[in-house]
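Quick note: the coordinates plus some simple rules give every number you see, no bench work behind them. Just so it is clear, the structure is predicted and the values come from calculations on it, not from any experiment. Cβ placement follows ideal geometry from the backbone for every residue including glycine, while neighbour counts extend to all protein chains displayed.
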Amino acid sequence: MPVRGLNDNALAASVAELNARLADMIALRLALKQAHWNVKGPNFIAIHELFDAVHSRLAGHEDILAERVQILGGVALGTVEAVSGAATVEAYPTDLVADRDHVAAISERMAALGGKVRKAIETASEAGDEGTMDIFVALSRALDKDLWFIESHLGG
Ligand SMILES: [Fe+2]
């Protein structure tokens, strides 16, 4: 089912970028749950709840990425095997406990993904696929805001 106004190269570029960032989003969400479950410290309740709130917000964006792949005629790749092979998010340590350590580890990964999403905006723009570009712009803004919420726990 061809998408009107986009050539095959543009579709392939968008599908590849969407699936790459989908894998990263799933990996980041799993890291957020790992942090939500294991964090301890003086700011426990605030950080425990914030990690879960960010997890929920990112899930909404993830669904939009996957469904855009389908809209463009691709196959959304969200299995654990596909994600583990494709995700570029740095592996999340399983031995972290202190709230500051989880906040720093999650912040680093969100910032790195934020940079990749900004590149994805360019890729979609160059492909002339403004619908996909708009999805990445919204995701970029959401990541920036949640990074601010999380990172602010580290102080100034
Ligand atoms: Fe929970």
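Among Ile45, Ile71, Ile150, the ranking by other beta carbons within 10 Å of each residue's beta carbon, starting with the fewest, stands as Ile45, Ile71, Ile150. A simple spin-label model places the labels of Thr79 and Asn7 3.4 nm from each other, with each point 7 Å out along Cα-to-Cβ. Indicate the gyration tensor shape class of region 47-111 (rounded, prolate or oblate), computed on the Cα atoms with a ≥ b ≥ c the square roots of the eigenvalues: a/c under 1.5 is rounded; otherwise a/b larger than b/c is prolate and the rest oblate. Prolate.
Using a Förster radius of 22 Å, what is the FRET efficiency between Trp37 and Asp63 based on their Cβ-Cβ separation? Nearest 0.05, please.
After rounding, the FRET efficiency stands at 0.45.
Rounded to the nearest 20 debye, the dipole size of the chain about its Cα centre is 140 debye, using +1 on the Cβ of Lys and Arg and -1 on the Cβ of Asp and Glu. The label point for Asp52 and the one for Glu108, both projected 7 Å from the Cα toward the Cβ, are 2.7 nm apart. Placing +1 on the Cβ of every Lys and Arg and -1 on the Cβ of every Asp and Glu, with no other charges, gives region 94-138 a dipole of roughly 120 debye about its Cα centre.
Arranged from fewest to most other beta-carbon atoms within 10 Å of their beta carbon, Asp95, Asp24 become Asp95, Asp24. Exposure proxy shown here: for Thr123, Thr94, Thr132, the number of other Cβ atoms within 10 Å sets the order, fewest to most, as Thr94, Thr123, Thr132.
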